[in-house]
Amino acid sequence: FIEPTILLDPPLDSEIMTEEIFGPLLPIITLNNIQESIEFINSRPKPLVIYAFTKDETFKKQIVSGTSSGSLIFNDTLVQ
């Protein structure tokens, strides 16, 4: 087992944010609200997967209707 390396707020133009990740790396960026999150997702190439963590049904509906991805998973990472 190799524990993941967490990268907090990496530069958005860095390779970790622009290339597919192969390895236990987890970049985490800070956004202010759901609309900013949707705009961020839509400003980049279509993601293979979106992992969203929330219990808020309104948030879930906004992610489903406001984004496009290969897969969309709520509150889990092992399903993919």
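How about segment 36-55: which of its residues are under 14 Å from residue 75 (Cβ atoms) and either exposed (fewer than 11 other Cβ atoms within 10 Å of the Cβ) or among the hydrophobic types (A, V, I, L, M, F, W, C) (or both)?
49, 50, 52, 53, 55
For segment 60-76, does any single residue satisfy the condition of being at pLDDT 95 or above and charged (D, E, K, R)?
Looking through segment 60-76, at least one residue is at pLDDT 95 or above and charged (D, E, K, R).
With (1) loosely packed, with under 14 Cβ neighbours inside 10 Å; (2) within 14 Å of the chain's Cα centre (by Cα); (3) at pLDDT 95 or above; (4) not in a helix (DSSP H, G or I) as the list, and residue 11 as the residue in question, which single condition is left unmet?
Residue 11 satisfies all of (1) loosely packed, with under 14 Cβ neighbours inside 10 Å; (2) within 14 Å of the chain's Cα centre (by Cα); (3) at pLDDT 95 or above; (4) not in a helix (DSSP H, G or I) except (2).
Spot the failing condition for residue 28; the list is (1) among the β-branched types (Val, Ile, Thr); (2) exposed (fewer than 13 other Cβ atoms within 10 Å of the Cβ); (3) at pLDDT 95 or above, and only one is missed.
Of everything listed in (1) among the β-branched types (Val, Ile, Thr); (2) exposed (fewer than 13 other Cβ atoms within 10 Å of the Cβ); (3) at pLDDT 95 or above, residue 28 misses just condition (3).
Inside segment 26-80, can you point out the residues that are part of a strand (DSSP E or B) and among the small types (Gly, Ala, Ser)?
Passing the criteria: 52, 71.
Collect the residues in segment 22-60 that are out of contact with any Pro (no Cβ under 8 Å at 6 or more places or on another chain) and aliphatic (A, V, I, L, M), keeping them in residue-number order.
Selection gives 28, 31, 34, 38, 48, 49, 50, 52.
Kindly provide the set of residues from segment 56-71 that are in contact (Cβ under 8 Å) with a residue 12 or more places away in the chain and of a type in the set (Lys, Arg), ordered by number. Talk me through it step by step, then tell me what you get.
Let us first name the residues in segment 56-71 that are in contact (Cβ under 8 Å) with a residue 12 or more places away in the chain, namely 59-60, 62-63, 66-71.
Hit for segment 56-71 is 60, nothing else.
What is the one condition in (1) out of contact with any Asp or Glu (no Cβ under 9 Å at 6 or more places or on another chain); (2) in contact (Cβ under 8 Å) with a residue 24 or more places away in the chain; (3) of a type in the set (A, V, I, L, M, F, W, C) that residue 74 does not satisfy?
So the condition that residue 74 fails would be (2).
The values are calculated or read from the model by the stated rules, or taken from the named source; none is laboratory data. For clarity, every value in this text was computed on a predicted model and none was experimentally measured. Note that we place each Cβ from the backbone using ideal geometry, even for glycine, and neighbour counts take in every protein chain shown.
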